[in-house]
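Visitor: Okay, handing you the structure first.
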Amino acid sequence: SQQGEEDPQALSIQEGENATMNCSYKTSINNLQWYRQNSGRGLVHLILIRSNEREKHSGRLRVTLDTSKKSSSLLITASRAADTASYFCATGLYGGATNKLIFGTGTLLAVQP
Amino acid sequence: DGGITQSPKYLFRKEGQNVTLSCEQNLNHDAMYWYRQDPGQGLRLIYYSQIVNDFQKGDIAEGYSVSREKKESFPLTVTSAQKNPTAFYLCASSTRTSGGVGANVLTFGAGSRLTVL
């Protein structure tokens, strides 16, 4: 079963614009991560935010987490054509003895030059 | 360079055949995972292993088998019992979480695309 759902499913913007993607999840989490996937390739980790954090930055990326609403957002500022990819949120489940992530369905971002 | 190597990149299989996908990592990670990716469905966990000679079923383990005889290797066999095996398969690894406090960051391989003819 999918834990996370990204919104929108697809997003098309112009270079230089900001891109915002949202992720909602169902159960309590320990952390939430965002990954990027170029077409036909493996995923690459972008950023991790813990359940006791509300906001985190990494370069042009800004992630927020609202545990009361069970949601997170990823903001990419000043987008570039090279940012074109699929973006996935993944939740680390709270209290489990296992070490696994549950991935959402992804947002396909297209940045037009 | 440290990383995860998956092979083959593309694989074609006839119905009724078993196939094995290779996954090797030189990151000294304890935990390894197999995910399946179908269009529009994100990633679904097939099997994972936190330590050598131990592995657990994920959400969609039926029709798949794994082994973990070495720390570096976590091969996945897609058996003939898997009714819809055409998909993109991703292997990943991570350091082992202590104390059951959740998941660490995953490093992924480049994937293997399996097509059943």
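Visitor: Applying 1/(1 + (r/R0)^6) with R0 = 22 Å to the Cβ-Cβ distance of A:R60 and A:D7, what FRET efficiency is obtained, to the nearest 0.05?
Guide: Numbers: r = 21 Å, r/R0 = 0.94.
Between A:R60 and A:D7 the formula returns 0.60.
Visitor: For the range B:12-109, what's the relative contact order in percent, using C-alpha pairs closer than 8 Å and at least 6 residues apart?
Guide: It comes to 32 percent, rounded to a whole number.
Visitor: Could you tell me the largest-minus-smallest coordinate of the C-alpha atoms of chain B on each of the three principal axes, in descending order and whole angstroms?
Guide: Taking max minus min along each principal axis of the Cα atoms, chain B gives 43, 30, 29 Å.
Visitor: Around A:A85, with a cut-off of 10 angstrom between Cβ atoms, what is the net charge of the other residues, counting Lys and Arg +1 and Asp and Glu -1?
Guide: +1
Visitor: While we're looking at this one, here's another question. Please identify the GluC sites (Glu not before Pro) of the range B:1-85 that satisfy two criteria: DSSP loop assignment and at most 15 other Cβ atoms within 10 Å. Which are they?
Guide: Working: sites: B:E15, B:E24, B:E62, B:E69, B:E72; in loops: B:E15, B:E62, B:E69, B:E72.
Qualifying residues, ordered by number: B:E15, B:E62, B:E69.
Visitor: Along Cα→Cβ, 7 Å out, is where each label goes; now give me the distance between the ones at B:I51 and B:L27 in nm to one decimal.
Guide: Label-label distance for B:I51 and B:L27, simple model: 2.1 nm.
Visitor: Looking at B:Y47, B:T79, B:C91, which one has the Cα that reaches farthest to the positive end of the dipole of chain B (charges on Cβ: Lys, Arg +1; Asp, Glu -1)?
Guide: B:T79
Visitor: Let me ask something else. Using the Cβ atoms and a cut-off under 10 Å, what net charge is assigned to the surroundings of A:L109, where Lys and Arg are +1 and Asp and Glu are -1?
Guide: Neighbour charge sum, excluding A:L109 itself: 0.
Visitor: Cα atoms only, the range A:16-90: Rg and Dmax in Å?
Guide: Using the Cα atoms of the range A:16-90, the pair Rg, Dmax is 12.3, 35 Å.
Visitor: Can you give me the distance in nm between label points at B:D38 and A:T20, each placed 7 Å from the Cα along the Cα-to-Cβ direction?
Guide: 3.3
Visitor: Cα-Cα over 22 Å: which of A:K70/B:K57; A:K70/A:K100; B:K57/B:K83; A:K100/B:K57?
Guide: A:K70/B:K57
Read the figures in this text as sums done on the coordinates, not as results from a lab. It should be emphasised that the depicted structure is a prediction, and the values quoted were computed from it without experimental measurement. No Cβ is skipped: glycine too gets one built from the backbone with ideal geometry, and neighbour counts run over all protein chains shown.
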